[in-house]
Amino acid sequence: MSSTAMKKKVLLMGKSGSGKTSMRSIIFANYIARDTRRLGATIDVEHSHVRFLGNLVLNLWDCGGQDTFMENYFTSQRDNIFRNVEVLIYVFDVESRELEKDMHYYQSCLEAILQNSPDAKVFCLVHKMDLVQEDQRDLIFKEREEDLRRLSRPLACTCFRTSIWDETLYKAWSSIVYQLIPNVQQLETNLRNFAQIIEADEVLLFERATFLVISHYQCKEQRDAHRFEKISNIIKQFKLSCSKLAASFQSMEVRNSNFAAFIDVFTSNTYVMVIMSDPSIPSAATLINIRNARKHFEKLERVDGPKHSLHMRMR
């Protein structure tokens with residue numbers, strides 16, 4: 001591990017069977033949802049280092065949720081587990097029959113976080129929402145969210161509804177990882193400049209391995225509020241299909257009468273998606289503009305990257 005890497009400790013916690021390891025495997029280990037059925041229960045703590053955007057390393061602690069392990073985390077392992085935490089992600093099985101115990105363990109986590117890492121960000125994932133009747137999902141999630149926010153005080157808690165079977169998992173993890181990117185505002189400023197220079201309707205930046213959306217800028221209103229996560233899901237599945245055929249996914253262009261969408265390798269750690277609706281701008285010009293911006297965005301990914309914005313002239 002490079003000494004210049006910026007490491008961020010992320011705790012993934014929740015009762016046994018809540019779905020922690022399945023979601024981690026889908027996001028970071030290229031599993032598809034149906035393959036997670038063969039995963040066994042996590043024993044104690046599984047550590048993994050996930051390199052994200054070059055210099056950022058997520059030090060992910062997947063903590064087994066069996067009662068014996070949970071009790072140890074709050075007693076003999078308390079300082080080791082909860083020290084220097086940047087993010088706590090607590091996963092709740094929405095259909096758990098031991099909700100009171102779940103809430104008790106969650107509150108114990110919060111007490112340990114307050115004592116050892118008071119500046120940590122807290123996220124709660126209300127998971128397996130696909131098991132809830134569709135017309136009941138909004139109501140059940142809202143009730144659970146209100147309870148969790150009340151229990152979390154004085155810490156702030158951000159809640160997401162998730163399922164491994166749809167795009168909600170990508171939405172939640174994109175939002176969480178976004179909070180950890182050190183120069184994200186600078187990245188967004190430059191993405192906005194890039195979009196305006198090339199006259200794009202919208203530009204999205206995806207992390208290369210996970211295909212989580214890490215930044216975007218839109219110039220025109222789009223109808224589908226869930227389009228980012230849907231694209232993440234579709235393209236990641238397509239990449240996996242390519243790898244099974246010993247092929248690698250490099251780029252894609254999709255065009256119809258209303259718009260053209262370009263997905264291309266951008267930097268060593270990202271893909272870019274550019275949406276264009278102006279029929280007078282040829283594909284070749286957009287692809288050249290993407291290529292011309294690569295070097296600048298490569299520099300931005302480094303923690304000590306340039307502080308200036310993108311003002312280069314595009315073709």
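Once the whole set of protein chains is in place, how much accessible area is left on SER257, using a 1.4 Å probe, in Å² to the nearest 10?
Rounded to the nearest 10, that gives 110 Å².
How much length is gained if the chain between LEU240 and LEU287 is pulled fully straight, taking 0.36 nm per residue apart and subtracting their Cα-Cα distance, in nm to one decimal? Can you show the working numbers first?
On the way: separation 47, 0.36 × 47 = 16.92 nm, distance 2.42 nm.
Extending this stretch completely gives an extra 14.5 nm.
If you only keep lysine pairs separated by 8 or more in sequence, or across chains, how many in the range 182-300 come under 23 Å at the Cα atoms?
Working: LYS220/LYS230; LYS230/LYS239; LYS230/LYS244; LYS236/LYS244.
Eligible lysine pairs with Cα atoms under 23 Å apart amount to 4.
Among all stretches of the chain without exposed GluC sites (Glu not before Pro) (DSSP loop, at most 16 other Cβ atoms within 10 Å), which one is longest? All intermediate terms of the calculation are to be shown ahead of the outcome.
Details: sites that count: GLU95, GLU98, GLU199, GLU221.
Looking at the chain, 99-198 is the longest stretch - no exposed GluC sites (Glu not before Pro) with at most 16 other Cβ atoms within 10 Å.
Cut-off 10 angstrom, C-alpha nodes, Gaussian network model of the chain. Which of LYS15, LYS295, LYS230 fluctuates the most?
In the Gaussian network model the winner is LYS295.
For the range 114-238, place one equal point scatterer on every Cα, skip the solvent, and apply the Debye formula. What is log10 of I(q)/I(0) at q = 0.10, 0.12, 0.19 Å⁻¹?
Reported log10 I(q)/I(0), two decimals: -0.41, -0.58, -1.17.
Tell me, in nm to one decimal, what length is gained between ASN258 and GLU71 on full extension, where the rule is 0.36 nm per residue of separation less the Cα-Cα distance? Working shown, then result.
Numbers: separation 187, 0.36 × 187 = 67.32 nm, distance 5.72 nm.
Stretched fully, the ASN258-GLU71 segment lengthens by 61.6 nm.
Using the eigenvalues of the Cα gyration tensor, what equivalent ellipsoid semi-axes result for the chain when each is taken as the square root of five times the eigenvalue, whole Å, largest first?
Details: eigenvalues 268, 95, 66 Å².
Its equivalent ellipsoid spans semi-axes of 37, 22, 18 Å.
Using alpha-carbon pairs under 8 Å, 6+ residues apart, how would you state the relative contact order of the chain in percent?
Numbers: 496 pairs, mean separation 47.8, N = 315.
Relative contact order here is 15 percent.
Could you pull the Rg and Dmax for the range 182-300, using just the Cα atoms, both in Å?
Rg and Dmax of the range 182-300, Cα atoms, are 13.8, 39 Å.
GNM on the chain, C-alpha springs below 10 Å: top fluctuator among ASN256, ASN292, ASN193?
Greatest mean-square fluctuation among the candidates belongs to ASN256.
Going by amide H atoms built from the backbone, whose H comes under 5 Å of the H on SER215, apart from near neighbours?
LEU205
How do TYR105, TYR178 stack up against each other in accessible area, from largest to smallest, with a 1.4 angstrom probe? Let's see the in-between values first.
Details: TYR105 10, TYR178 75 Å².
The ordering from most to least exposed comes out as TYR178, TYR105.
Could you pull the accessible area for VAL85 with a 1.4 Å probe, rounded to 10 Å²?
10
At 222 nm, what helix-only mean residue ellipticity would the chain give, in deg cm²/dmol to the nearest 500, using -39500 (n - 2.57) for each DSSP H run of four or more? Walk me through the numbers on the way to the answer.
Numbers: 9 runs with 118 residues, N = 315.
-12000 deg cm²/dmol, from helical runs alone.
Starting from the residue with the highest accessible area, list HIS127, HIS226 in decreasing order, probe 1.4 Å. Walk me through the intermediate numbers first.
Details: HIS127 5, HIS226 85 Å².
The residues order as HIS226, HIS127, largest area first.
Can you give the Rg and Dmax of the range 4-177 based on its C-alpha atoms, in angstrom?
15.3, 49
Quick check: with the 1.4 Å probe, what order do TRP173, TRP61 take by accessible area, largest first? Before the final figure, lay out each step's value.
Values: TRP173 5, TRP61 25 Å².
Correct descending sequence by accessible area is TRP61, TRP173.
Identify all lysines with a Cα-Cα distance to LYS8 below 16 Å; exclude those on the same chain that are fewer than 8 residues away in sequence.
Leaving aside lysines fewer than 8 places away in the same chain, those within reach of LYS8 are LYS121.
The values are calculated or read from the model by the stated rules, or taken from the named source; none is laboratory data. Being a predicted model, the structure only gives us computed values, none of them experimental. Cβ atoms come from the backbone with ideal geometry, glycine included; neighbour counts cover every protein chain shown. When the accessible area is computed, the model is the full protein with side chains, heavy atoms only, and any ligands, DNA or RNA have been set aside. Shrake-Rupley method; radii C 1.70, N 1.55, O 1.52, S 1.80 Å.
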